[in-house]
Amino acid sequence: MKTLVILAHPDIENSRINKKWKEELEKYPDEIKVHELYKEYPDWNINVEKEHKLIEGYDNIIIQFPMYWCSCPPLLKKWFDDVWTFNWAYGPEGDKLKNRKIGLAISAGSLEESYTLPVNEILSPFKASTIHVGAEFLPYFSLFGTVHDMSDEKVAQSSVEYVEYIKNI
């Protein structure tokens with residue numbers, strides 16, 4: 001079963017973690033499709049019909065992003081607002097996400113214990129939205145830590161673990 005990864009990183013070329021994750025994912029084109037929002041929509045004009053058709057071709061969807069101020073990058077929020085529409089994602093006729101599996105892959109430049117709330121609570125809006133549209137919310141994949149102090153080996157190992165996370169959905 002192929003998995004669609006919605007990647008939302010505003011500066012992927014200067015990212016250590018998300019860039020490495022993307023490079024690892026792209027080694028498996030028969031199993032994983034990476035869809036980069038900031039590359040696809042540099043003008044922020046999201047083609048909703050195109051996004052609907054893309055999503056409808058996958059049962060498993062992973063949303064990958066760096067955590068910013070306990071949330072996601074702004075284009076990803078706009079993507080949710082524009083794409084998860086009434087009578088497509090929810091509402092009387094909105095069943096296009098029903099029974100799909102949706103998960104998150106997040107990177108954070110801080111240690112997990114430095115957050116004032118548990119990460120599960122921080123991610124609860126994503127979980128609530130996923131459940132609202134009738135999809136299954138998967139356990140999230142993550143890498144926490146100060147990026148400047150993190151070894152290349154740890155980043156590389158996390159990318160291998162990320163692929164395994166996706167393959168085990």
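The values are calculated or read from the model by the stated rules, or taken from the named source; none is laboratory data. Here the structure is a predicted model, which is why all the values come from computation and not from measurement. Here the Cβ is made from the backbone with ideal geometry for all residues, glycine too, and neighbour counts use every protein chain on show. Ligands, DNA and RNA are excluded from the accessible area calculation, which covers all protein heavy atoms including side chains. Shrake-Rupley method; radii C 1.70, N 1.55, O 1.52, S 1.80 Å.
Once you keep just the Cα pairs under 8 angstrom separated by 6 or more residues, what percentage relative contact order results for the chain?
Rounded, it is 25 percent for the chain.
Quickly rank 16-27, 49-60 as a protection proxy: mean count of other C-beta atoms within 10 Å, highest first.
So the order, starting with the most tightly packed, is 16-27, 49-60.
Can you tell me the accessible area per residue over region 67-169, all protein chains present, probe 1.4 angstrom, in square angstrom?
55
Can you tally the net charge around P42? Count Lys and Arg as +1, Asp and Glu as -1, for every other residue whose Cβ sits under 14 Å from the Cβ of P42.
Computed value for this residue: -3.
Can you give me the solvent accessible area of S151 with a 1.4 Å probe, rounded to the nearest 10 Å²?
Using a 1.4 Å probe on the heavy atoms, I get roughly 50 Å².
Nothing charged except the Cβ atoms of Lys and Arg (+1) and of Asp and Glu (-1): what's the magnitude of the dipole of the chain about its Cα centre? Round to the nearest 20 debye.
Computed charge dipole of the chain: roughly 240 debye.
Find how much the distance from L111 to N47 grows on full extension, using 0.36 nm per residue of separation minus their present alpha carbon separation; answer in nm with one decimal.
Gain on extension, L111 to N47, equals 19.4 nm.
Please report the antiparallel percentage of DSSP beta bridges with both residues in region 15-169, rounded to the nearest 5.
Counting only bridges with both partners in region 15-169, antiparallel ones make up about 5 percent.
Name the shape class, rounded, prolate or oblate, that the alpha-carbon gyration tensor gives for region 13-53, where a ≥ b ≥ c are the square roots of its eigenvalues, rounded holds for a/c under 1.5, and otherwise prolate holds if a/b is larger than b/c and oblate otherwise.
oblate
Per the 1.4 Å probe, what fraction of the accessible area of the chain, in percent, lies on carbon and sulfur atoms?
Ligands and nucleic acids excluded, carbon and sulfur give 50 percent.
Rounded, prolate or oblate: pick one for region 104-156, where a ≥ b ≥ c are the square roots of the eigenvalues of its C-alpha gyration tensor, a/c under 1.5 means rounded, and failing that, prolate if a/b is larger than b/c, else oblate.
oblate
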